[in-house]
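Let me begin by presenting the structure, written as structure tokens, before commenting on it.
The values are calculated or read from the model by the stated rules, or taken from the named source; none is laboratory data. No experiment lies behind these values; they were computed from the predicted model shown. Here the Cβ positions follow ideal geometry from the backbone for every residue, glycine too, while neighbour counts run over all protein chains shown.
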Amino acid sequence: MLRNAIREGLTAARRNALPAFFLIVAGCLLVAAYYRLEGVRMALERVVHLREKTGLIYPMLSTAFFGGLLPIIMRRFHLGIRETFAGAAFYLLFWSEKGIEIDLFYRLQEWMWGSDNTWRTLITKMCFDQFVYSVLIAAPTMTLAYLWKDAGFRIKGVKDALEVKSFIARILTVQLSGWAVWMPGVMIIYAFPQPLQLPLNNLILTLWVMLLVLLTKAKPDDVKLPDNPLVEPANQGIRPS
């Protein structure tokens, strides 16, 4: 089962390569624009001002919108897939919590490793992010939460699903597919000052979800877009166009 999970994750990572490439290029251009173009820097500073003014409300609401509401809207209008009220509430609440969690984690990273953007600091933050936080916290909590949602919010349904495919195998699949996007993605995020890191995380998450939808060709009656933006469409029965 673990071998199958690794194979699925690596296959998903390969299929993630093209959209990940576009994300990396877009992110690098944004980094260059921020440090070289006054207009771009001033526009992003307004985001910083809004974030500082609203406190934890900003990460909660912005991440709920970009990680929860926007995918629902795109699935509805691009694929014709309607979300239930319970499902929509789950996405909004889950990503609200994730927004606060990620914002606090970025603050912790700055406290632990500093605020400079040298290659050594960027790589250190990326490794701690992807091989500690993601492996031990982000991927497990996301896997359990989405299993619970898919099981109709029944604990027994989660247990039944884990008997079919183990928890570790599921995490491996999600993690391996996610690394193709988020290893370079967080390098870009950490190249910005800490107050801008959560907004950049939301931007990458938005672009990723949009690419998954736009590169997906599916019939709403028999397939669905993956709820988890870390999982590649092929793992959910969707054929990339």
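Quick notes
- One residue from W113, W148 being of a type in the set (F, W, Y) and over 22 Å from F167 (Cβ atoms): W113
- Residues that are modelled with pLDDT of 85 or more and among the charged types (D, E, K, R) within the range 49-81 comprise R51, E52, K53, listed in sequence order.
- Filter pass, A64 being within 20 Å of P199 (Cα to Cα), out of contact with any helix residue (DSSP H, G or I) (no Cβ under 7 Å at 6 or more places or on another chain) and among the hydrophobic types (A, V, I, L, M, F, W, C): no
- When residues in the range 147-174 are screened for being under 20 Å from G99 (Cβ atoms) and modelled with pLDDT under 90, 1 of them pass.
- The set of residues in the range 71-92 being under 21 Å from P199 (Cβ atoms) and not aromatic (F, W, Y) consists of P71, I72, I73, M74, L92.
- Helices (runs of 4 or more DSSP H) lying entirely in the range 26-113 (those with 1 or more residues that are among the charged types (D, E, K, R) and crowded, with 17+ Cβ neighbours inside 10 Å): 38-54, 85-113
- Residues that are more than 13 Å from N201 (Cβ to Cβ) and touching a residue at least 60 places away in the same chain (Cβ under 8 Å) within the range 86-106 comprise A86, G87, F90, Y91, listed in sequence order.
- Enumeration of residues in the range 151-165 that are surrounded by 14 or more Cβ atoms within 10 Å (Cβ to Cβ) and assigned to a loop (DSSP other than H, G, I, E, B): A151, K165
- Counting only residues that are surrounded by fewer than 16 Cβ atoms within 10 Å (Cβ to Cβ), small (G, A, S) and without any contact (Cβ under 8 Å) to a residue 60 or more places away in the chain, the range 114-150 holds 1 of them.
- Taken together, A180, A169 contain a single residue that is surrounded by 17 or more Cβ atoms within 10 Å (Cβ to Cβ), touching a helix residue (DSSP H, G or I) at 6+ places or on another chain (Cβ under 9 Å) and more than 23 Å from G67 (Cα to Cα), which is A169.
- The range 11-25, residues that are more than 13 Å from P184 (Cβ to Cβ) and either buried (at least 16 other Cβ atoms within 10 Å of the Cβ) or among the charged types (D, E, K, R) (or both): T11, A12, R14, R15
- Among the residues of the range 19-66, those that are basic (K, R) and more than 25 Å from E101 (Cβ to Cβ) comprise R36, R41.
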